[in-house]
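The values are calculated or read from the model by the stated rules, or taken from the named source; none is laboratory data. Source: prediction; values computed, not measured. Quick reminder, even Gly has a Cβ in these numbers, built from the backbone with ideal geometry, and neighbours come from all protein chains shown. Surface accessibility is based on the protein's heavy atoms, side chains included, excluding ligands, DNA and RNA. Shrake-Rupley method; radii C 1.70, N 1.55, O 1.52, S 1.80 Å.
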Amino acid sequence: MQLPPGVLQDAVLTSKGLQDVLCMDIGNANADTLLLALRLHKVLPFSVVESCPVLPNSRNFHAILEASHLTALVPILKDSSSCHPRLHPVWAFLIELLSSEPNEQEPSSSMKKKKKRLKNVDHMFAKTERRVAVFWKTVVDNALLPSSHERKYLAMELVLLLIPKLSASCGESILSKELLCCLLDILAAKGNLLYKSAQACLGSICEWAKTDMECAVTAIVCFQRVSHGKFDALSKTKSVKELLSFLNINDGFLNLHKKLLWLFNGDKTISAINGRVDEKDADQNGFEDALFKEKNKESNLKSLETQRHWIIEQLLSSLKEINNSALRWSLQKETLKFLVANALFSGPIGLKCYLKELQEEFQFPNYPLSDNTRKLCLERLQSMLVNTPSMLPPGSNKTAKLEISASSDLRNYFVEICDIFDNVTEVSRLRPLSEDEKQGTATLRLCISQLCLLSSEGNNEQIEKARAMHSLLMQLLAQTVTTGISDLAMELIMCCKKAFGNLIKLDILDDGESEEEEAPFFMDVLVETLLSLLAQPSAPMRTAAEQVFKAFCDDLTESNMLSISKVIKKQLNRSRRDIASSLDTGDSDEDHFLEVEDDDDDGDDDGAIDEDDHELEDNNESKVKESRNSNSDTEGGGNKGTKPKVNDEGMTKDISDIEDDSGSDMDDEAMFKIDVHLAKLLRQRRASGEKGEGKDAQTQLLHFQFRVLSLLGYFFQKKASNRLCLVALPALFQALIISSSDGGNPQLADRITSILQSGLFKAKEYPKGQGVDAAEVAALLEQNMKMALRMKIKRVRQVLESCCLWLMKVLQNQSLHEESVHLDVPAKTALNDFFYHRKCCLKAQFFREIFSRFPDIGLNSLGLLIESCTKARTEFLQHKALQLITSILHANCGKRNSQFKVSLLQNLPAISELIVCLVHKSPNGKVKKSEVQRFSAALMKAIRTDLPEKPVKKQIGKQAYSLLESAVSGKLKGNMPVEMKNSQEVV
């Protein structure tokens, strides 16, 4: 028999067992109890509901989501993680309750009732948002996330269930700081147990964000706010980048821009920040409460400043992602206006000023900006101005002729915006200008406007110069807010007058100078000014200065290159005395060359010698060591090892002079102007003498040198055929030697090596033509060859070898026009040093490379090699000489070279003597024996091929021929003729 439903329900609901379960103390209740009460809430008698502690003591069931009741339920909800990894059903019920939409009312024909219904719906949705925020803050952020791994996993599962059902306004509450910080901590390490769960949670959030444009904006802002704009880097994902791509497809960047500006003005944080501590608070709540409020205010200020910093960075970075040209151009102008207002001007807090020219309102922040925020705005404004050529308006063609148009350049819009804000009475500049500064600023703006008009005149080269100078002057104009009009700006204006002639019409400049003095004076001033700007800390200013250098590098003179070279070889950590004064007092020829010790250079090289030779020259070595010790006293007893040694006769003034190197064509005034860009660094060094700040000055100098090196690298890359490349070589090698030695800077050495090897020595072009002086090139080659002979630092020696080969190529090209050039003299000198001096650091591979690139040098050196091989001091040197001779024979055999034939005929008697010497000094190793066989085979082939008039036997004689045959067959002693054995003493 089946009972009626009403009877069964009354019997169950009024049973004592059920009431005992529902009415038990909340400390003894669990998640099952809460789930049972939630499901039976609608049918339970009100008396039971009132006595049930897990249910709200109200007829409104949604009161269960109030903060006061949720706080009591937190222990029960935390215990629901006991069924991990499953999700307790109570969560599904609560989430359904949170995401439930308001009940729709029946349609009414009355318009008044319809409006009232819509207001009620909006009010209910606002209540839903508040309930979600309270629930998430109380239960998840404050209870689950700070707890164990199981409860963090539970929080991420709740995100998967709840966020797909919420709107963008509710999503901001879900994407809280606590949740996102938890995800970042987990995603930072792949070995974390919750790594896959965090990935799934973040993926679910991104999928929800891609459903709506507002959701995407909310997710991006929440992500970047927690990570200070570095969410992708910290999470090792591409979440923000993918969401920006989604906004790009749906043109949602305008909404993102508005959202960021709204956050920057501080609308949401102003109430928390404006809380002030007064006397009443101190009297009522005590001193501790007042102090707590003050600390809370300071933390809010720091939080707001940090938030504003990443907002500025996000505004600029999002511009690069926009594909819609019209939208990009519009947001570029809005961003520029925002940066100008906050970097250069100040207005009342929260002021909404009306800009008549633009017919729109602009709002200033609701809380004053800090100095750091204004400084960042100024830096980003300068960066935006210097990179404005890549920010083209809609319809612009990047491949078209370079133009500067007032309607298509953000720089001109910058000037317009400044004028617009100057016309607003409520707004003032951060730094008021004096009358002289106003006049200088007016001159600067006049020059900028005239440079802007040069786009329709001249060729592309002139337009490029005008555009680069226009960018640099715009940087100086933006910098007037902090420093006022500078002398560098006036010098650049004068340079513009000199560079563009009558195209720049400024009455304040004197046009009385002659044309002959115009070009060098103009470039001297320009280079000195650019070097001064490169020493400034502003990165956009340095970038603009580099652009000007690149545009005017065709007009560089020798004095300009000497000025640049002086910066490169400047050393603050060295003594003021000239390194050239550190000379070796020994009596050998090596005293004329630079000698630097290298701890990392291995002794197992081609210059090794036998133990017998060590014993023979023991006395010599001890004298050299004593000489080194006598000359290596340091200023502070610091570095060990020998110092670089230079002879004033063997080195030119560009290598020997470190501290005082000015061109002979420069007067005293020009010499003082060159040091302007280093004055700040030197003053800082003197001021920090006893404060231990010398390292800071040295670091600044190194950074400055790196910037100047980048200019030289560009010059070498674009103008490798210019003779000024030869002018810069001595200073570069001097800086390379010092930075590669003990106490030097390895990064600087790497940079110089890269510029020389990649930018100059391996380039297709090289200096040539009438402007190249063959005598200077020959002197530079001889100087570098001498340094390479004694250079013990492996890196420097390799660069010197490459430089010698490159200079030989330059000199060989000049030998076609000048008969007095002798290319083989430095090579012969180096060969003689290689075979007869123990301190030679060059290797045989270098000479093999010379003979391969310049065959004539090898043929002219053949006699010297044969003599060196015959009279070699050691078997090792004999082996190396034999290798070089063999390489020359192989390279020229069968090529019908008349010079090779002549050289071979002249050296046949010496070759015969060499063959006899090789037989009597038979090598011991298999490798050396095989080298003798290769030489013999190459010699026989060369004689038969290039000297076919007579047989080989008649060319070199019977005895040498029989020895040559025995060497080719590999029998150096067994098949030696008896008459040669008897004549051993004669030989």
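Identify, from the list L160, L87, L154, the residue that is at pLDDT 85 or above, within 28 Å of K210 (Cα to Cα) and outside any helix (DSSP H, G or I).
On the way: L160 fails: outside any helix (DSSP H, G or I); L154 fails: outside any helix (DSSP H, G or I).
Just a single option satisfies the conditions, and that option is L87.
Is it true that S383 is in contact with a Pro (Cβ under 6 Å, 6 or more places away or on another chain) and at pLDDT 85 or above? Reasoning before the result, please.
On the way: in contact with a Pro (Cβ under 6 Å, 6 or more places away or on another chain): yes; at pLDDT 85 or above: yes.
It is true that S383 is in contact with a Pro (Cβ under 6 Å, 6 or more places away or on another chain) and at pLDDT 85 or above.
Yes or no: region 323-338 includes at least one residue that is under 30 Å from Q462 (Cβ atoms), open to solvent by 10 Å² or more (accessible area, probe 1.4 Å), modelled with pLDDT under 85 and not small (G, A, S).
No.
Would you call Y714 under 21 Å from V825 (Cβ atoms) and open to solvent by 10 Å² or more (accessible area, probe 1.4 Å)?
Details: under 21 Å from V825 (Cβ atoms): no; open to solvent by 10 Å² or more (accessible area, probe 1.4 Å): yes.
Here the answer is no, as Y714 does not meet what is asked.
Please find, among Q757, Q717, Q705, Q734, the residue that is part of a helix (DSSP H, G or I), over 24 Å from I793 (Cα atoms) and touching a helix residue (DSSP H, G or I) at 6+ places or on another chain (Cβ under 8 Å).
On the way: Q757 fails: over 24 Å from I793 (Cα atoms); Q705 fails: over 24 Å from I793 (Cα atoms); Q734 fails: over 24 Å from I793 (Cα atoms).
Every option except Q717 fails the conditions.
Does region 460-486 hold any residues that are open to solvent by 50 Å² or more (accessible area, probe 1.4 Å) and either modelled with pLDDT of 85 or more or assigned to a loop (DSSP other than H, G, I, E, B) (or both), and which are they?
E464, the sole residue that qualifies.
Between a residue in region 194-223 that is over 16 Å from N250 (Cα atoms) and any residue that is open to solvent by 30 Å² or more (accessible area, probe 1.4 Å) and among the polar types (S, T, N, Q), which pairs come within a Cβ distance under 7 Å, given they are 6 or more apart or on different chains?
Close Cβ pairs (under 7 Å, with a partner that is open to solvent by 30 Å² or more (accessible area, probe 1.4 Å) and among the polar types (S, T, N, Q)) amount to L202/T237.
Conditions (1) within 37 Å of the chain's Cα centre (by Cα); (2) closer than 25 Å to S758 by Cα; (3) outside any helix (DSSP H, G or I), marked per residue:
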site	(1), (2), (3)
P826	no, yes, no
F834	no, no, no
C841	yes, yes, yes
S852	no, yes, no
G863	no, no, no
E867	no, no, no
A872	no, no, yes
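Identify all residues within region 195-237 that are buried (at least 20 other Cβ atoms within 10 Å of the Cβ) and under 17 Å from L154 (Cβ atoms); write none if there are none.
Those that are buried (at least 20 other Cβ atoms within 10 Å of the Cβ) and under 17 Å from L154 (Cβ atoms): S197, A198, C201, L202, I205.
Does F125 satisfy the criteria of being open to solvent by 80 Å² or more (accessible area, probe 1.4 Å), hydrophobic (A, V, I, L, M, F, W, C) and either farther than 30 Å from D251 by Cβ or at pLDDT below 90 (or both)?
Values: open to solvent by 80 Å² or more (accessible area, probe 1.4 Å): yes; hydrophobic (A, V, I, L, M, F, W, C): yes; either farther than 30 Å from D251 by Cβ or at pLDDT below 90 (or both): yes.
Answer is yes for this residue.
Working only within region 216-254, note down all residues that are basic (K, R) and closer than 15 Å to L315 by Cα. Quick ask: steps written out before the conclusion?
Step one: of region 216-254, the residues basic (K, R) are 225, 230, 236, 238, 241.
R225, K230, K241 - these are the residues of region 216-254 that are basic (K, R) and closer than 15 Å to L315 by Cα.
What are the residues in region 240-268 that are small (G, A, S) and either without any contact (Cβ under 8 Å) to a residue 12 or more places away in the chain or within 23 Å of R328 (Cβ to Cβ) (or both), if any? Spell out the reasoning first.
Here is the first cut: in region 240-268, the residues small (G, A, S) are 245, 252, 266.
Residues satisfying the conditions are S245, G252.
Take R751 and decide whether it is open to solvent by 10 Å² or more (accessible area, probe 1.4 Å), touching a Leu at 6+ places or on another chain (Cβ under 6 Å) and of a type in the set (K, R).
On the way: open to solvent by 10 Å² or more (accessible area, probe 1.4 Å): yes; touching a Leu at 6+ places or on another chain (Cβ under 6 Å): yes; of a type in the set (K, R): yes.
In short, yes.
What is the number of the single condition among (1) more than 20 Å from N142 (Cβ to Cβ); (2) without any contact (Cβ under 8 Å) to a residue 12 or more places away in the chain; (3) surrounded by 13 or more Cβ atoms within 10 Å (Cβ to Cβ) that A63 does not meet?
Among (1) more than 20 Å from N142 (Cβ to Cβ); (2) without any contact (Cβ under 8 Å) to a residue 12 or more places away in the chain; (3) surrounded by 13 or more Cβ atoms within 10 Å (Cβ to Cβ), the lone unmet condition for A63 is (1).
Can you tell me how many residues within region 415-456 are within 37 Å of the chain's Cα centre (by Cα) and part of a loop (DSSP other than H, G, I, E, B)?
Matching residues across region 415-456 total 4.
Can you find even one residue in region 361-373 that is in contact with a Leu (Cβ under 7 Å, 6 or more places away or on another chain), modelled with pLDDT of 90 or more and closer than 30 Å to E242 by Cβ?
no
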